[in-house]
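Student: Below you will find the structure I want to go over with you.
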Amino acid sequence: MLQLFTTNMRRLITIILSSILLGISIFVSPTSTWAYPFWAQQNYENPREATGKIVCANCHLANMTTQAEVPQAVAADSVFKASVKIPYKKGVQEIGADGSEVPLQVGALVMLPDGFKLAPQDRWTDEIKEETQGVFFTQYSEDKENIIIVGPLPGDQNKEIVFPILSPDPRTNKDIHFGKYSIHVGGNRGRGQVYPTGEKSNNNIFTAENSGEVTSIEPSEDGSRVITIQNENGEVTTESIPLGPELVVNIGDKIEKGTSITNNPNVGGFGQVDTEIVLQSYARVIGLIVFFIGVGLAQIMLVLKKKQVEKVQAAEGV
């Protein structure tokens with residue numbers, strides 16, 4: 001009962017802290033929320049689509065490298081480290097929601113096999129505690145302990161995120177079996193180019209929706225810019241460009257539909273990688289070692305026997 005109470009209290013504390021952090025990220029620092037997997041949690045029951053794509057790629061359109069390091073094999077009911085590396089150039093800044101330059105934030109998502117989950121803190125080693133200092137882990141949903149998310153975190157200090165993982169024990173869980181399993185990892189740096197609603201963010205490139213001549217560029221009260229385009233028939237259309245992207249057109253320029261009218265301010269991106277891990281049985285390892293020793297001894301005995309036969313034959317003059 002005490003263990004059950006402690007587990008429930010930890011889950012309650014996790015939910016409360018997650019809500020507090022999310023509230024702070026939304027109301028205090030809105031630019032960082034776009035690196036947070038909250039949007040995937042709200043819109044997707046499972047963060048990995050049938051095609052194998054992690055849904056973060058739907059908003060973070062640029063592709064950047066993400067690396068994952070896990071042990072080749074782990075024992076049942078053991079704690080191990082899964083490392084996610086999210087590389088990018090140090091000191092890079094991006095466009096915030098208000099158009100100003102802000103440091104990149106990073107986030108990561110690790111999809112473990114069923115039965116694997118975040119290791120309880122009382123089983124963390126001193127090394128793990130040091131490597132995860134300042135990192136807050138949450139599970140994707142209440143019924144998905146095997147999917148762990150992190151973020152937003154300051155990118156310059158968290159280009160490598162260590163996840164402490166607890167492996168399941170097939171001896172106590174009949175639904176788990178020894179063998180090879182897949183792990184899916186996603187790593188993001190920077191804000192997305194598309195909001196979950198499908199609208200472009202200001203961290204995106206804007207193109208002309210119609211052909212014609214740029215007749216005016218006027219600022220709006222909210223800081224955005226309105227570009228007026230007039231075609232050969234005298235029809236007038238307008239393009240609203242938010243703060244952040246730099247205009248690459250001027251009054252008098254003739255542009256075609258689909259032509260870029262801003263630069264591409266995005267310096268971040270998303271990447272995913274798949275890897276494998278073996279849930280190994282001590283009994284199997286010991287059995288394999290015993291088998292190898294047996295084979296080795298058999299080979300030695302055969303050699304010794306051959307030498308003995310050769311000596312006998314030599315003594316008999318055969």
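Student: List, please: which pairs have Cβ atoms under 8 Å, are six or more places apart or on different chains, and start with a residue in the range 72-100 that is under 22 Å from residue 272 (Cα atoms) and end with one that is at pLDDT 90 or above and among the aromatic types (Phe, Trp, Tyr)?
Tutor: 81/163; 82/163; 83/163; 84/163
Student: Name the single residue, out of those in the range 150-183 being among the aliphatic types (A, V, I, L, M) and over 14 Å from residue 66 (Cβ atoms), that is surrounded by the most Cβ atoms within 10 Å (Cβ to Cβ). It would help to see each step written out before you state the result.
Tutor: Taking the range 150-183 as the starting set, the residues that turn out to be among the aliphatic types (A, V, I, L, M) are 150, 153, 161-162, 165-166, 176, 183.
Checking which are over 14 Å from residue 66 (Cβ atoms) leaves us with 153, 162, 165-166, 176.
Numbers: 153: 21, 162: 18, 165: 23, 166: 19, 176: 19.
The residue in question is 165.
The values are calculated or read from the model by the stated rules, or taken from the named source; none is laboratory data. Computed from a predicted structure; not experimentally measured. Heads up, the Cβs are rebuilt from the backbone with ideal geometry, glycines too, and the neighbour counts pull from every protein chain shown.
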